[in-house]
(Lines give C-alpha, C1' and ligand atoms only; values in the text may rest on other atoms or scores of the structure.)
Protein backbone atom coordinates (compact mmCIF):
# COMPACT_ATOMS: atom_id res chain seq x y z
CA UNK A 1 0.00 0.00 0.00
CA UNK A 2 2.80 2.38 0.92
CA UNK A 3 4.62 1.61 -2.33
CA UNK A 4 1.52 2.57 -4.32
CA UNK A 5 1.22 5.89 -2.46
CA UNK A 6 4.89 6.62 -3.06
CA UNK A 7 4.56 5.67 -6.72
CA UNK A 8 1.53 7.94 -7.08
CA UNK A 9 3.42 10.84 -5.51
CA UNK A 10 6.43 10.29 -7.78
CA UNK A 11 4.13 10.17 -10.83
CA UNK A 12 2.36 13.30 -9.61
CA UNK A 13 5.74 15.04 -9.29
CA UNK A 14 6.59 14.05 -12.85
CA UNK A 15 3.22 15.36 -14.02
CA UNK A 16 3.85 18.67 -12.23
CA UNK A 17 7.08 19.11 -14.16
CA UNK A 18 5.39 18.23 -17.44
CA UNK A 19 2.51 20.63 -16.74
CA UNK A 20 4.97 23.43 -16.00
CA UNK A 21 6.79 22.78 -19.26
CA UNK A 22 3.50 22.65 -21.20
CA UNK A 23 2.41 25.96 -19.70
CA UNK A 24 5.76 27.44 -20.63
CA UNK A 25 5.32 26.28 -24.25
CA UNK A 26 1.83 27.81 -24.27
CA UNK A 27 3.11 31.15 -22.95
CA UNK A 28 6.00 31.12 -25.43
CA UNK A 29 3.50 30.59 -28.26
CA UNK A 30 1.44 33.51 -26.96
CA UNK A 31 4.62 35.60 -26.86
CA UNK A 32 5.32 34.81 -30.52
CA UNK A 33 1.72 35.63 -31.39
CA UNK A 34 1.94 38.99 -29.61
CA UNK A 35 5.14 39.83 -31.51
CA UNK A 36 3.59 38.84 -34.84
CA UNK A 37 0.44 40.87 -34.20
CA UNK A 38 2.48 43.92 -33.25
CA UNK A 39 4.61 43.58 -36.38
CA UNK A 40 1.51 43.25 -38.56
CA UNK A 41 -0.03 46.35 -36.99
CA UNK A 42 3.25 48.22 -37.40
CA UNK A 43 3.37 47.26 -41.09
CA UNK A 44 -0.17 48.56 -41.56
CA UNK A 45 0.83 51.78 -39.85
CA UNK A 46 3.89 52.10 -42.08
CA UNK A 47 1.62 51.69 -45.09
CA UNK A 48 -0.38 54.63 -43.77
CA UNK A 49 2.85 56.60 -43.44
CA UNK A 50 3.70 55.90 -47.07
CA UNK A 51 0.21 57.04 -48.08
CA UNK A 52 0.79 60.33 -46.24
CA UNK A 53 4.10 60.71 -48.07
CA UNK A 54 2.36 60.12 -51.42
CA UNK A 55 -0.26 62.71 -50.49
CA UNK A 56 2.53 65.21 -49.75
CA UNK A 57 4.11 64.57 -53.14
CA UNK A 58 0.72 65.00 -54.83
CA UNK A 59 0.24 68.33 -53.01
CA UNK A 60 3.61 69.54 -54.32
CA UNK A 61 2.79 68.39 -57.86
CA UNK A 62 -0.59 70.12 -57.74
CA UNK A 63 1.01 73.30 -56.40
CA UNK A 64 3.56 73.34 -59.25
CA UNK A 65 0.81 72.68 -61.76
CA UNK A 66 -1.28 75.56 -60.38
CA UNK A 67 1.71 77.91 -60.46
CA UNK A 68 2.46 76.94 -64.04
CA UNK A 69 -1.19 77.56 -64.99
CA UNK A 70 -1.21 80.96 -63.26
CA UNK A 71 2.05 81.99 -64.99
CA UNK A 72 0.89 80.75 -68.39
CA UNK A 73 -2.46 82.56 -68.24
CA UNK A 74 -0.89 85.78 -67.01
CA UNK A 75 1.77 85.68 -69.70
CA UNK A 76 -0.82 84.91 -72.37
CA UNK A 77 -2.75 88.02 -71.32
CA UNK A 78 0.36 90.15 -71.48
CA UNK A 79 0.57 90.57 -67.68
CA UNK A 80 3.73 90.17 -65.59
CA UNK A 81 3.09 86.87 -63.75
CA UNK A 82 5.40 87.80 -60.87
CA UNK A 83 3.96 91.14 -59.81
CA UNK A 84 0.69 92.67 -58.70
CA UNK A 85 -2.43 90.62 -58.05
CA UNK A 86 -1.16 87.71 -60.17
CA UNK A 87 1.97 87.50 -57.98
CA UNK A 88 -0.18 87.65 -54.85
CA UNK A 89 -2.39 84.88 -56.19
CA UNK A 90 0.66 82.70 -56.91
CA UNK A 91 2.06 83.42 -53.45
CA UNK A 92 -1.26 82.47 -51.81
CA UNK A 93 -1.31 79.23 -53.82
CA UNK A 94 2.22 78.39 -52.64
CA UNK A 95 1.36 79.18 -49.01
CA UNK A 96 -1.67 76.85 -49.07
CA UNK A 97 0.37 74.14 -50.79
CA UNK A 98 3.13 74.45 -48.20
CA UNK A 99 0.65 74.09 -45.33
CA UNK A 100 -0.89 71.02 -46.95
CA UNK A 101 2.55 69.53 -47.59
CA UNK A 102 3.74 70.08 -44.02
CA UNK A 103 0.50 68.59 -42.69
CA UNK A 104 1.05 65.40 -44.69
CA UNK A 105 4.69 65.31 -43.58
CA UNK A 106 3.66 65.57 -39.92
CA UNK A 107 1.03 62.88 -40.43
CA UNK A 108 3.73 60.65 -41.91
CA UNK A 109 6.02 61.24 -38.93
CA UNK A 110 3.20 60.58 -36.46
CA UNK A 111 2.26 57.29 -38.08
CA UNK A 112 5.92 56.20 -38.17
CA UNK A 113 6.22 56.98 -34.45
CA UNK A 114 2.99 55.09 -33.86
CA UNK A 115 4.46 52.04 -35.63
CA UNK A 116 7.47 52.12 -33.29
CA UNK A 117 5.19 52.34 -30.26
CA UNK A 118 3.13 49.39 -31.50
CA UNK A 119 6.27 47.28 -31.98
CA UNK A 120 7.58 48.23 -28.54
CA UNK A 121 4.23 47.31 -26.99
CA UNK A 122 4.36 43.92 -28.72
CA UNK A 123 7.88 43.34 -27.43
CA UNK A 124 6.79 44.20 -23.88
CA UNK A 125 3.78 41.89 -24.08
CA UNK A 126 5.98 39.14 -25.50
CA UNK A 127 8.47 39.54 -22.64
CA UNK A 128 5.60 39.31 -20.15
CA UNK A 129 4.41 36.04 -21.70
CA UNK A 130 7.94 34.63 -21.70
CA UNK A 131 8.33 35.60 -18.04
CA UNK A 132 5.02 33.94 -17.20
CA UNK A 133 6.18 30.82 -19.05
CA UNK A 134 9.43 30.70 -17.11
CA UNK A 135 7.50 31.15 -13.88
CA UNK A 136 5.07 28.34 -14.81
CA UNK A 137 7.97 26.00 -15.53
CA UNK A 138 9.66 26.95 -12.26
CA UNK A 139 6.40 26.41 -10.38
CA UNK A 140 6.12 22.94 -11.92
CA UNK A 141 9.56 22.05 -10.56
CA UNK A 142 8.71 23.53 -7.16
CA UNK A 143 5.52 21.48 -6.98
CA UNK A 144 7.45 18.38 -8.00
CA UNK A 145 10.08 18.97 -5.32
CA UNK A 146 7.34 19.43 -2.74
CA UNK A 147 5.73 16.15 -3.75
CA UNK A 148 9.06 14.35 -3.73
CA UNK A 149 9.68 15.80 -0.27
CA UNK A 150 6.37 14.32 0.82
CA UNK A 151 7.51 10.97 -0.61
CA UNK A 152 10.72 11.16 1.39
CA UNK A 153 8.82 12.09 4.52
CA UNK A 154 6.27 9.30 4.00
CA UNK A 155 9.10 6.84 3.50
CA UNK A 156 10.95 7.93 6.64
CA UNK A 157 7.94 8.23 8.93
CA UNK A 158 6.40 4.96 7.77
CA UNK A 159 9.49 2.95 8.49
CA UNK A 160 11.01 3.40 5.06
CA UNK A 161 10.43 1.60 1.83
CA UNK A 162 12.64 -1.23 0.60
CA UNK A 163 12.46 -2.25 -3.03
CA UNK A 164 12.31 -5.90 -1.94
CA UNK A 165 8.82 -5.35 -0.56
CA UNK A 166 9.72 -5.20 3.11
CA UNK A 167 9.94 -2.20 5.34
CA UNK A 168 12.69 -0.92 7.53
CA UNK A 169 12.29 -1.26 11.26
CA UNK A 170 9.29 0.69 12.50
CA UNK A 171 11.40 2.52 15.04
CA UNK A 172 11.68 5.85 13.20
CA UNK A 173 12.62 8.52 15.71
CA UNK A 174 9.71 10.62 16.94
CA UNK A 175 11.67 13.76 16.10
CA UNK A 176 10.98 13.04 12.42
CA UNK A 177 7.28 13.90 12.59
CA UNK A 178 6.18 17.00 10.66
CA UNK A 179 5.16 18.96 13.72
CA UNK A 180 8.62 18.49 15.28
CA UNK A 181 10.52 19.30 12.12
CA UNK A 182 12.16 22.65 12.67
CA UNK A 183 11.25 24.07 9.22
CA UNK A 184 7.54 23.60 9.85
CA UNK A 185 7.65 25.48 13.14
CA UNK A 186 8.27 28.69 11.26
CA UNK A 187 5.42 28.03 8.87
CA UNK A 188 2.92 27.21 11.59
CA UNK A 189 3.83 30.28 13.62
CA UNK A 190 5.22 28.47 16.69
CA UNK A 191 8.90 28.84 17.59
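Points worth noting:
- Condition met for residue 88 (without any contact (Cβ under 8 Å) to a residue 24 or more places away in the chain, assigned to a helix (DSSP H, G or I) and within 30 Å of residue 122 (Cα to Cα)): no
Residues checked against (1) surrounded by 17 or more Cβ atoms within 10 Å (Cβ to Cβ); (2) at positive phi; (3) modelled with pLDDT of 90 or more:
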position	(1), (2), (3)
5	no, no, no
18	no, no, yes
22	no, no, yes
25	no, no, yes
36	no, no, yes
52	yes, no, yes
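- The one condition in (1) loosely packed, with under 15 Cβ neighbours inside 10 Å; (2) not in a helix (DSSP H, G or I) that residue 81 fails to fulfil: (1)
- When 29, 8, 49, 72 are checked against the criterion of being under 16 Å from the mean Cα position of the chain (by Cα) and in a helix (DSSP H, G or I), 29 stands alone in meeting it.
- Selected residue (only one of 60, 67 is crowded, with 17+ Cβ neighbours inside 10 Å and assigned to a helix (DSSP H, G or I)): 67
The values are calculated or read from the model by the stated rules, or taken from the named source; none is laboratory data. On a predicted model such as this, the values are computed, not experimentally measured, just so you know. Every residue, glycine among them, receives a Cβ derived from its backbone with ideal geometry; neighbour counts consider all protein chains shown.
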